1. From largest accessible area down, sort 143, 215; use a 1.4 Å probe on the protein chains.
2. Thinking of region 330-415 as a set of Cα atoms, what percent of all their pairs are more than 18 Å apart?
3. On the Cα set of region 274-396, report Rg and Dmax in Å, please.
4. How big is D, in µm² s⁻¹, for region 237-292 by Stokes-Einstein at 4 °C and 1.567 mPa s if Rh is the Kirkwood radius over C-alpha pairs?
5. Give me the mean projected area, in nm² to one decimal, of the convex hull enclosing the Cα positions of the chain.
6. Work out the FRET efficiency for residue 65 and residue 334 from their Cβ-Cβ distance, taking R0 = 45 Å, and round it to the nearest 0.05.
7. Tell me, what HN-Hα J-couplings in whole Hz come from the Karplus equation 6.51 cos²θ - 1.76 cosθ + 1.60 at θ = phi - 60° for each residue of region 353-360, using x for Gly and Pro?
8. Assuming R0 = 22 Å, can you tell me the calculated FRET efficiency for the pair residue 194 and residue 23, based on Cβ-Cβ distance, to the nearest 0.05?
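The values are calculated or read from the model by the stated rules, or taken from the named source; none is laboratory data. None of these values were measured; they are calculated from a predicted model. Positions of Cβ are backbone-derived with ideal geometry, glycine not excepted, and every protein chain shown enters the neighbour counts. Areas reflect the complete protein model, heavy atoms only, side chains present, ligands, DNA and RNA absent. Shrake-Rupley method; radii C 1.70, N 1.55, O 1.52, S 1.80 Å.
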Amino acid sequence: MTRPSILILGAGAAGIGAGMALAAKGVSFEILEAKDRVGGRAFTDAASLPSPWDHGCAWLHCADENPLVAEAERVGAEILRQERIDHFLIHKDGRFLSDAEADGARRALSHAFEAIEAEAARGEDGPVASLLDAASPFQAETRSILSIISADEPERLSLAGEADYRDTGVNWLPLGGYGALMARLAAPLPIRLSTPVRRVAQTAEGVAVDTDVGRLTADAVLVTASTGVLLDGAVEIGPGPAREALTLMSAAPLGAYEKIAVALRRNPVEDPRKIFCWISTPDQPPSDVQIQPGEPTLMIFHIGGDAARRIAALPADARGRWAVDRLAHAFGEALREEVIGTATTDWGADPFIRGAYSHVVPGRAQDRRDLIGLETGRIAFAGEALSLRAQGTCHGAWLSGQAVAARLAEAVRPA
């Protein structure tokens, strides 16, 4: 193959977005992907259960301004534009709460976000946990939602970093799976799978990239590996400003987030408005369960922070039993007879991901902002952690890849 102008490391959303931007500009490039598939943390599993389900990215967040909505429409993907009204079913203290009672959980969460915004506006950057109302009857639910949104405990989340995120509150579901959508977008791009990169260095002629199959060279390289991979040193960055960027990058490590999917012969929730069910027990944090209707119905547990780390330490079959036990606690023992199968994720153990998605360490929101604008020469970085207003999301990664690729394209063009 002819030497490309730009090498892109990673065929996740950032790498796919970057590739699409370079293709539109007529800049030659190649994408190197360590895994045997594209999508990164967007992966639709069509094999483990009778219905496909997303191990990672699942929702088109901020869908009213998310550019991937238009991309989905362009390739013919169907989108469920479901308005969220009374969409939470909450099982607490041994019973299901009424809609009026459950609205208290929504108000508690809204109060937490308002406090975060207010403190950040005053220039504060302490831990989110310092703002939570210990007297709230829904404190456990609020903590659990925060740990899912940002993949770690509120004590480890920067309130200023959380406030940087722009949330329009509009979330749509790409039918068929987010991972499947990203695979469709990636299909026309030149991607080399199963090609882990071990080292990247700037040279007098451009950049050199060492892979398991040899050395490749280009004018520039765009690194879209997760901060978990980069901070662990799994991809070595050669001397220079790009290596120095890792100091700032440590402000945005990956947290923990895992899912457990339970396939059921029937949907135990009759109300079609309910797309999430919260299940609380006296001895464990609340569980957030996404209800994916269909035949069969999937009940998908979303678990963040320390709870995700504890679950990930269990064998896969034990994780499945844990999830079924939680469902039986809420819906009755007869539900066990409806179970077809279970499946789980394992993002923390994936050597090419090493976690879930990024969050900002308390006191270091400005470091992440500085990282986004940092000039690092012919070695550049992109990804969800480097998206100022959409961190932790697929579209944030895609936007970051597009923006950085456009800047690199100008840098490598002949004078």
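1. Result of the area sort, largest leading: 215, 143.
2. On the way: 2251 of 3655 pairs.
That tail contains 62 percent of the Cα-Cα pairs.
3. 18.7, 61
4. Values: Rh = 15.7 Å.
So the translational diffusion coefficient is about 82 µm²/s.
5. Result: a mean projected hull area of 19.9 nm².
6. For R0 = 45 Å, the calculated efficiency reads 0.55.
7. Per residue, the Karplus-derived 3J(HN,Hα) values read 10, 6, x, 9, 9, 7, 9, 9 Hz.
8. Computed FRET efficiency for residue 194 and residue 23 comes out at 0.50.
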